[in-house]
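Okay, so here's the structure we're looking at.
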Amino acid sequence: MSNRLTDLFAQSDRFKLSLFFTAGYPRLVDTERILTALEEGGVDFVEIGFPFSDPMADGPVIQNSSQQAIANGMALKVLFGQLKGIRDRIRIPLVLMGYLNPVLQFGMQQFIANCVTCGVDGLILPDLPVEVYVDQYKAQFEAAGLAFIPLITPQTSPERIRFLDTHGSGFIYLVSGPGTTGGDKCLEQEAAYFERVKAMPLRLPKVAGFGVRTKSDIELLRQYVDGAIIGSAFVRHLEAGWSNASVAHFVAALK
Amino acid sequence: MKRFKPDNKGYYGTYGGAFIPEMLLPNIATLQASYLEIINSESFRKEFRQLLKDYVGRPTPLFYSANLSKRYHTQVFLKREDLNHTGAHKINNTIGQILIAKHLNKQRIIAETGAGQHGVATATACALMGMECTVFMGAVDMKRQAHNVERMRMLGARVVPAESGSRTLKDATNEAIREWIRYPEDTHYIIGSVVGPHPYPDMVAIFQSVISDEIKLQVKAKCGKEHPDIVIACVGGGSNAIGAFYHFIDNGHTRLIAVEAAGMGLESGKTAASIAMGRKGVIHGNMTFLMQTEDGQITEPHSVSAGLDYPGIGPAHAYLWDTGKIEVVSITDEAALKAGLMLTRMDGIIPALESAHAIAYLEYLNAAPEDVVVVNLSGRGDKDLPAYQKYFQSCPID
Ligand SMILES: Cc1ncc(COP(=O)(O)O)c(C=O)c1O
C-alpha cells in the first residue's frame, strides 16, 4: 500500500527536515494554519503531537505546550475534526505523535480509522512497546497503510535495533542522546552512536530527533542520517508569537 | 501454595505489563531478567533478612487493641508498621531495592515520594549504603509534609520539587521517570509502591510480603487461627495493602479490604478513589484503573493524605478487585482525620493519615465478635501533625 512517508524517503536521497508542533497550541484553531505555513516554508514532513497530561518522555517545553493545548480544548476527537479534509490542501506526509492512554480511550480501531480518513501517514507512540504493537496492532496498522515508527537510543543494542527495524515502518527514529525532548546535550558527544547506527545496514531510513535545535546540529546530522526532526525549538518559536513569514524564516535558517 | 504473581510479561489478568518508552528498555529489561534470581539468591536473602531484623526492627508487633475491640465488638489487632525504622512500611521496599541496585552496580538512586515516607526511607537506605540520592516530590507535598523534606535533606538526599500538573505524587513520578530517561546508565529508580512497569509491582510486593508473613505467624501464636478473618489496609499505590494481603490471597477464608481515599467524597470531583471513580488505562507504564477524563487525560486527584493522593492503583489490586478477590471501599478526608484522632486518644498511637483511612473503616465493618480483624497501621503520624492540628482546632473530638 502506498504511504506518503515511505514514498518521500524512497524518492530521493535529499536530507529530510521535519518539524514538530503540539496540536491545539498556542491556540486551539492553529493546527491547519501551522501545517500550511510549514508546507509553504518547505519542510519535508510534519510531526503533530496530540497532547497528554503526563508526557513522560517530554521536557518542559513540550509539557507546557501539551498542558496549554489541553486547557484550550484539544483532544483526539477535536484533532481529527480539524484534520478531516486536510488532504485537499496539505500534501506533505503527516505523522502523529502522542501517548497511549488517549488512544486507548478513543479506541485503537477508531483511532486507526480516523488516521486513514484524515490521511495521516505514520504514528509515534513512545509508550507503546514494539512487542505489544506486534502482538496486538501490527496487522491493523499494515492493513490501514499506517507506518509505526520505532525509537532507538544510544543504549539500544544492535540486536534490538534490528528487531525494531524489522517490525517498524516509515523510518527509525534516533533519539539523539539519552534524554527527554528539548534536551540541551551537545550532539557531537553522540557521534559514536550516530556512527555506529549509520554503519548498520537497516531496512528503514534513519531520522534523528530530541535535542536537535540549530543549523549546525543539522549539518552534523547530515553526515549520519537521512533526516532530522526539530521539536522543542519550534514549539518555543510558536510560543513567542508566529506568522507564516516567521515560520518560513525559521525553516530557511535550518537549511 | 503457589505465590501470588503476574505472568512472565508482568500481567495480572489484563492489568500490568510494561508500557515504557524505548529509552527505559535497557534498564527495565535488565531488572525483568534479573530481579527474581537476585531476590532468590542466598546472599541477598541473608542480607535482606538481617537488615530487616537489625536495622528496620522487624518483626513489627501485632498489637491487640482492647479499646478498639470493645468499641467495635470484634477482635481488633494493629499491625504496627509505624514502628519500623523511619516510621512506615516503605523501608521494607527501599532496603530490598537498594540491595538490588548494588547487585546491578548502580551508583545513584532516584525516587518519587508523596507523603515523604518513601523519600525518607530511600534517603535512609542510601545513607546506609553510601549511595547518592535524589528524591522528586510534588511542590504541594513539600509544603504539607515539610517535616519529611527536612529529614530527607538531613539524610543527605537532594529533594527536587515537581512543579508540573497537580504538583503531587503523580507529577513527582513523572519527574523521576524523566530523570531515569536522562540518566539511564548509572541510576536505579526505587519506585515506592506496587506501581510502574513490570517488574516493579511484583518486586515491591515481594519485599512488602514480609508484613503478611509475620501476621500469619502472629495470628497463629496469639489466636491459634491459621489466618486472620479480615485484613484492612489503605491503598495509595497499594504497597502496604499488598504486603498485608499477600499470603492470604486466594486462601478461601480471609476477607481482604482495601481502603481508598474518597477525599471530599466520591462525587465531589476531589477524590483519589481510583477503583471507585476510574477507568482502565495506562499510567506510569502499567495498565490499571485510573481517574481520567473521557479524552484520556489523567485527572488531578485529591486526598488530605499525600500518600494516597494518586490517580491510579497498582495493577495487582485492579486485578484482585476485578476478579472479586478483594473488596475495595473508600473513606473521606474527614472520616480519616476523625479516626486518626480517635486512635490517638484511645490507644496513644498517632497514625499516619494514610493509615487512619484503614482505621476509619472499622466503623463500617460489622465484623462478628469472634473475628480476628487485622488493620495494617502502615505508618506513624508525626508528619501529619499540621493537618491533625488544623482539624482538631476546628472540631475538637467529644
Ligand atoms: C504511612 C503510609 N501508608 C500508606 C501509604 C500509601 O502507599 P501504599 O498504598 O503503596 O502503601 C503511604 C505513602 O506514602 C504512607 O506513607
Residue list for region A:81-92, filter: open to solvent by 10 Å² or more (accessible area, probe 1.4 Å) and either part of a loop (DSSP other than H, G, I, E, B) or without any contact (Cβ under 8 Å) to a residue 40 or more places away in the chain (or both): A:81, A:84, A:85, A:87, A:88, A:89, A:91, A:92
Residues that are in a loop (DSSP other than H, G, I, E, B), more than 13 Å from chain B (Cβ to nearest Cβ) and at negative phi, drawn from region A:154-171: A:169, A:171
In region B:233-282, the residues that are within 15 Å of the ligand (Cβ to nearest atom) and not small (Gly, Ala, Ser): B:234, B:235, B:240, B:242, B:245, B:246, B:256, B:257, B:259, B:260, B:275
Residues that are farther than 19 Å from residue A:239 by Cβ and part of a loop (DSSP other than H, G, I, E, B), drawn from region A:30-52: A:42, A:44
From A:174, A:151, A:123, A:187, residue being without any contact (Cβ under 8 Å) to a residue 60 or more places away in the chain and facing chain B (nearest Cβ under 9 Å): A:151
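Answer yes or no as to whether residue B:324 is away from the ligand (no atom under 16 Å from the Cβ), open to solvent by 30 Å² or more (accessible area, probe 1.4 Å), in a loop (DSSP other than H, G, I, E, B) and not basic (Lys, Arg).
In short, yes.
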Filter result for residue A:78 (in contact (Cβ under 8 Å) with a residue 12 or more places away in the chain and within 14 Å of chain B (Cβ to nearest Cβ)): yes
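Taking region B:345-398 as the region of interest, how many residues are open to solvent by less than 40 Å² (accessible area, probe 1.4 Å) and within 16 Å of the ligand (Cβ to nearest atom)? Before the answer, list the steps.
Keep residues of region B:345-398 that are open to solvent by less than 40 Å² (accessible area, probe 1.4 Å), which gives B:347, B:349, B:351-362, B:365, B:367-368, B:371-379, B:381, B:383-384, B:387-388, B:391.
Restricting the remaining residues to those that are within 16 Å of the ligand (Cβ to nearest atom) gives B:349, B:351-361, B:374-379, B:381, B:383-384, B:387-388.
Adding up the residues that qualify gives 23.
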Among the residues listed as B:168, B:113, the single one being at pLDDT below 95 and either within 12 Å of the ligand (Cβ to nearest atom) or open to solvent by 10 Å² or more (accessible area, probe 1.4 Å) (or both): B:168
Residues that are surrounded by 14 or more Cβ atoms within 10 Å (Cβ to Cβ), of a type in the set (A, V, I, L, M) and closer than 27 Å to residue A:162 by Cα, drawn from region B:1-37: B:18, B:20, B:23, B:24, B:25, B:28, B:29, B:31
Count of region A:139-153 residues which are assigned to a strand (DSSP E or B) and farther than 15 Å from residue A:112 by Cα: 2
Residue count, region A:4-29 (criterion: part of a loop (DSSP other than H, G, I, E, B) and modelled with pLDDT of 95 or more): 7
Residue count for region B:300-318, restricted to those that are near the ligand (Cβ under 9 Å from one of its atoms) and either within 14 Å of another protein chain (Cβ to nearest Cβ) or open to solvent by 10 Å² or more (accessible area, probe 1.4 Å) (or both): 2
Residues of region A:193-225 satisfying the condition of being within 30 Å of residue A:132 (Cα to Cα) and open to solvent by 40 Å² or more (accessible area, probe 1.4 Å): A:195, A:196, A:198, A:199, A:201, A:203
Pairs, first within 14 Å of chain A (Cβ to nearest Cβ) and at positive phi in region B:220-243, second more than 6 Å from the ligand (Cβ to nearest atom) and open to solvent by 10 Å² or more (accessible area, probe 1.4 Å), C-beta under 8 Å, six or more apart: none
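The values are calculated or read from the model by the stated rules, or taken from the named source; none is laboratory data. Here the structure is a predicted model, which is why all the values come from computation and not from measurement. Cβ sites come from the backbone with ideal geometry, for glycine too, and all protein chains shown count toward neighbours. We work out accessible area using only protein heavy atoms, side chains counted, and drop any ligands, DNA or RNA first. Shrake-Rupley method; radii C 1.70, N 1.55, O 1.52, S 1.80 Å.
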